[in-house]
Amino acid sequence: MKAYLYCLYRKTRRLRLALFLIVIAWTLVEVLHIKYVLVQRSQPELIALGSERIYITGLHWNSEQILREAWIEAVVNLARAIGRAHVFVSIQESGSWDNTKGALQLLDQQLAENDIPSRILMDNTTHLDEISKPPTGQGWIETPMGTTELRRIPYLAKLRNVVMEPLYEQQKDGIVYDKILFLNDVVFTTPDIEELLSTRGGNYAAACSLDFSKPPNFYDTFALRDAEGHDMAMQSWPYFRSRASRQAMKESQPVPVTSCWNGVVAMDAAPFYQRSPLKFRAISDSLAKSHLEGSECCLIHADNPLSREKGVWLNPNVRVGYNSLAYAAVNPVRSPWLSGCAIASGVWKNRLIRWVSTPWFKENVVWRRLWKWERQLKENREPGSFCLIDEMQVLTENGWAHR
């Protein structure tokens, strides 16, 4: 019996060793391939800046530091590269308590010096002013705490629609834009934007960058959904649960997604000019009362008719940062942005997560609440169901909060 057990032990030990060596070889081949793709990645054919009309827009709140550190210079350089005849800059600031207004006055001055058309609105209405208004019904919600508070997403959607107003004013004068470029308060360069605009030869409903605040984790988990409508398997590379999204990420190709925002977004402008223009919105208050919320930056893709025709894409080769250190970390000068160790650990962590977990449990909570809401009135429909998460977000004096 002892001899048999010893023999069995030796056989299983050899089997374990063989399995271990297979895993090592498999991982090594995968890492070498991905490293090769990163190093040998062919530069896409770029669409020359100035060949399209670009409407640049963004929101700012308490972002003085990044404005002065990088954003103002980057926007001016970008606008100059596009050319004054083919660009417009529309910015909305709202109730900052740092000197964001002063920084934007500097931007306004530099744009004027370069004869770049723009509109920069600065609003003294603070969050405290907004939440101190008497509840009007729309955009307000009764929280589990029994209070009636102002929802965050309708507030943001309204601001995003405000910065789009010059687009329609100029349309009356025959000026029509090809692309709309939404810029968060991130560090970026003109070549970054040129590559983003050139994603898939410019053929997309929307193309997004990857954004980072504390690498290696990406930042915008609220709006990003993979090709199957799921949120991320993990916040570090290769991020995705969907095979189509994951494989494109490994090949450093434009990644098919259902929704993205991630710092910088380029969108085909055509849907914003249709008879019923594409607008930013929130989910209805009645649905939000079910303790559900969805980002306006996700819902815009759900509502966009071009999303199904041309697709929404994340460009993994355009990486921006919410500070200079983050930008430098994901855009190294002399080496690929992913190390061999990051690739090896990433592919196996992602694999194990997919093997042992499912998004079903988390998504089922959302589906049940959505189905209940839809049954209440047959006309109730939410096309952006993949955007929904189990949260309630309200505006506060110093930002926003969960309820």
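The values are calculated or read from the model by the stated rules, or taken from the named source; none is laboratory data. None of these values were measured; they are calculated from a predicted model. Virtual Cβ from ideal backbone geometry, glycine too; neighbours counted across all protein chains shown. Surface accessibility is based on the protein's heavy atoms, side chains included, excluding ligands, DNA and RNA. Shrake-Rupley method; radii C 1.70, N 1.55, O 1.52, S 1.80 Å.
Considered as a group, the residues in the range 309-338 that are open to solvent by 60 Å² or more (accessible area, probe 1.4 Å), assigned to a loop (DSSP other than H, G, I, E, B) and of a type outside the set (V, I, T) include one that is nearest to I389 (Cα to Cα), and that residue is S335. All conditions but one from (1) open to solvent by less than 10 Å² (accessible area, probe 1.4 Å); (2) without any contact (Cβ under 8 Å) to a residue 40 or more places away in the chain apply to E296; the one that does not is (2). Could you list all residues from the range 135-162 that are part of a helix (DSSP H, G or I) and either touching a Phe, Trp or Tyr at 6+ places or on another chain (Cβ under 7 Å) or open to solvent by 30 Å² or more (accessible area, probe 1.4 Å) (or both)? Of everything in the range 135-162, those that are part of a helix (DSSP H, G or I) and either touching a Phe, Trp or Tyr at 6+ places or on another chain (Cβ under 7 Å) or open to solvent by 30 Å² or more (accessible area, probe 1.4 Å) (or both) turn out to be R152, P154, L156, A157, K158, R160, N161, V162. Restricting W61, W71, W97 to those that are surrounded by fewer than 21 Cβ atoms within 10 Å (Cβ to Cβ), hydrophobic (A, V, I, L, M, F, W, C) and either modelled with pLDDT under 95 or under 25 Å from P191 (Cβ atoms) (or both) reduces the list to W97.
Within the range 153-175, residues that are closer than 30 Å to H402 by Cβ and among the polar types (S, T, N, Q) reach partners that are open to solvent by less than 60 Å² (accessible area, probe 1.4 Å) and at pLDDT 95 or above with beta carbons closer than 7 Å, at six or more positions or on different chains, in the pairs N161/F280.
Would you check if Y204 is modelled with pLDDT of 95 or more, open to solvent by less than 50 Å² (accessible area, probe 1.4 Å), in a loop (DSSP other than H, G, I, E, B) and of a type outside the set (S, T, N, Q)?
yes
Just one of the listed residues (A270, A282, A248, A227) is open to solvent by 10 Å² or more (accessible area, probe 1.4 Å), of a type in the set (G, A, S), modelled with pLDDT of 95 or more and farther than 27 Å from A157 by Cβ, namely A248. Contact map, the range 372-391: first residue of a type in the set (S, T, Y), second residue open to solvent by 50 Å² or more (accessible area, probe 1.4 Å) and in a helix (DSSP H, G or I), Cβ cut-off under 8 Å, separation 6 or more or different chains; pairs are S385/W367. Each residue in the range 107-119 was checked for being touching a helix residue (DSSP H, G or I) at 6+ places or on another chain (Cβ under 9 Å) and either surrounded by 13 or more Cβ atoms within 10 Å (Cβ to Cβ) or among the polar types (S, T, N, Q) (or both), and 8 of them qualify.
Confirm whether A328 is modelled with pLDDT of 95 or more, over 22 Å from V186 (Cα atoms) and among the hydrophobic types (A, V, I, L, M, F, W, C). Here the answer is no, as A328 does not meet what is asked.
Applying the condition of being in contact (Cβ under 8 Å) with a residue 60 or more places away in the chain and under 28 Å from Q109 (Cβ atoms) to the range 120-134 and asking which residue is least open to solvent (accessible area, probe 1.4 Å) yields H127. Being among the hydroxyl-bearing types (S, T, Y), under 20 Å from I300 (Cα atoms) and out of contact with any Pro (no Cβ under 9 Å at 6 or more places or on another chain) is a property that S385 has. Residue check, P316 against (1) over 18 Å from A233 (Cβ atoms); (2) at pLDDT 95 or above, all met but one. Which one? Exception for P316: condition (1). Tell me, which residue of the range 383-403 that is farther than 21 Å from T143 by Cα and either of a type in the set (G, A, S) or out of contact with any Gly (no Cβ under 6 Å at 6 or more places or on another chain) (or both) is most open to solvent (accessible area, probe 1.4 Å)? Only one residue tops the list, namely P383. The sole residue among E30, E45, E93 that is outside any helix (DSSP H, G or I), closer than 30 Å to G346 by Cα and either touching a residue at least 12 places away in the same chain (Cβ under 8 Å) or touching a strand residue (DSSP E or B) at 6+ places or on another chain (Cβ under 7 Å) (or both) is E45.
For the range 183-201, residues that are touching a Pro at 6+ places or on another chain (Cβ under 6 Å) and open to solvent by 50 Å² or more (accessible area, probe 1.4 Å) total 1. Taking every residue in the range 328-347 that is over 13 Å from L28 (Cβ atoms) and pairing it with any residue that is outside any helix (DSSP H, G or I) and of a type in the set (F, W, Y), at least 6 positions away or on another chain, the pairs with Cβ-Cβ distances below 7 Å are V330/F212; V330/W337; N331/W337; L338/W237; A342/W237; G346/W237.
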